[in-house]
1. Among the residues of segment 29-52, is any closer than 16 Å to residue 141 by Cα, in a helix (DSSP H, G or I) and of a type in the set (Asp, Glu)?
2. Search segment 15-38 for residues being under 12 Å from the mean Cα position of the chain (by Cα) and without any contact (Cβ under 8 Å) to a residue 24 or more places away in the chain, and hand back the single one that is most open to solvent (accessible area, probe 1.4 Å).
3. When the residues of segment 76-102 are filtered to those that are in a loop (DSSP other than H, G, I, E, B) and hydrophobic (A, V, I, L, M, F, W, C), which remaining residue is least open to solvent (accessible area, probe 1.4 Å)?
4. How many of the residues making up segment 103-124 are of a type outside the set (Lys, Arg), within 12 Å of the chain's Cα centre (by Cα) and part of a loop (DSSP other than H, G, I, E, B)?
5. May I ask you to list the residues in segment 121-154 that are in contact with a His (Cβ under 8 Å, 6 or more places away or on another chain) and touching a residue at least 40 places away in the same chain (Cβ under 8 Å)?
6. Residue check, residue 136 against (1) out of contact with any strand residue (DSSP E or B) (no Cβ under 7 Å at 6 or more places or on another chain); (2) assigned to a helix (DSSP H, G or I), all met but one. Which one?
7. Which residue out of 45, 65 is under 15 Å from the mean Cα position of the chain (by Cα) and either touching a residue at least 60 places away in the same chain (Cβ under 8 Å) or closer than 26 Å to residue 152 by Cα (or both)?
8. Look at segment 53-75 and say how many of its residues are in a loop (DSSP other than H, G, I, E, B) and more than 16 Å from residue 142 (Cα to Cα).
Amino acid sequence: AGALALYDLHHGWVTTEEGALKKIDVREATIGYIVVQELMILANAAVARWCVERDLPVLFRNHTARAAAPPREVLQQELDEAVHAPLAHLAALRERTHLLLNRAEYGADLRGHWGLALPAYLHFTSPIRRYADLVNHRQIRALLRGEAPPYPRD
């Protein structure tokens, strides 16, 4: 769908949800790891859209590119070519993506997720690991029960 994505399982490089290159452990370098990661992204995007459609205040995960960033297609082509490049090229590309892309942030305003090429995204799938996921779970549970959300938009 246009997300900045690289999976080089032979050398252990993947992109994070922010489009940055990350070295992964050999034990993480499995197809199962990637499938679970992609399904979590899909679930998080679906829940974000569901919340927006119901005007429910939640914590979105917003990601933006800096003004100097080239079009997404240019960065994706560089990532695609990196699979066949020497390790030094990957390190340079990693530095370049960190320079061109802002860190993702949580916020009540929906600004979209540039690295994943998604109009709406939030964290929902790991409520025992991240507090933002727990907040979003509490907001949705209140809505489903017909109660007022525990957290106001502000």
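The values are calculated or read from the model by the stated rules, or taken from the named source; none is laboratory data. Because the structure is predicted, anything quoted here is derived from the model rather than measured. Don't worry about glycine lacking a Cβ; one is built from the backbone with ideal geometry, like all the others, and counts go over all protein chains shown. Accessible surface is based on the protein model in full, side chains and every heavy atom, while ligands, DNA and RNA are left aside. Shrake-Rupley method; radii C 1.70, N 1.55, O 1.52, S 1.80 Å.
1. Within segment 29-52, not a single residue is closer than 16 Å to residue 141 by Cα, in a helix (DSSP H, G or I) and of a type in the set (Asp, Glu).
2. Out of the qualifying residues, it is 38.
3. Looking at residues that are in a loop (DSSP other than H, G, I, E, B) and hydrophobic (A, V, I, L, M, F, W, C), I get 85.
4. The total comes to 11.
5. Selection gives 121, 124, 132, 136.
6. Residue 136 satisfies all of (1) out of contact with any strand residue (DSSP E or B) (no Cβ under 7 Å at 6 or more places or on another chain); (2) assigned to a helix (DSSP H, G or I) except (1).
7. Residue meeting the stated conditions: 45.
8. So the count comes out to 7.
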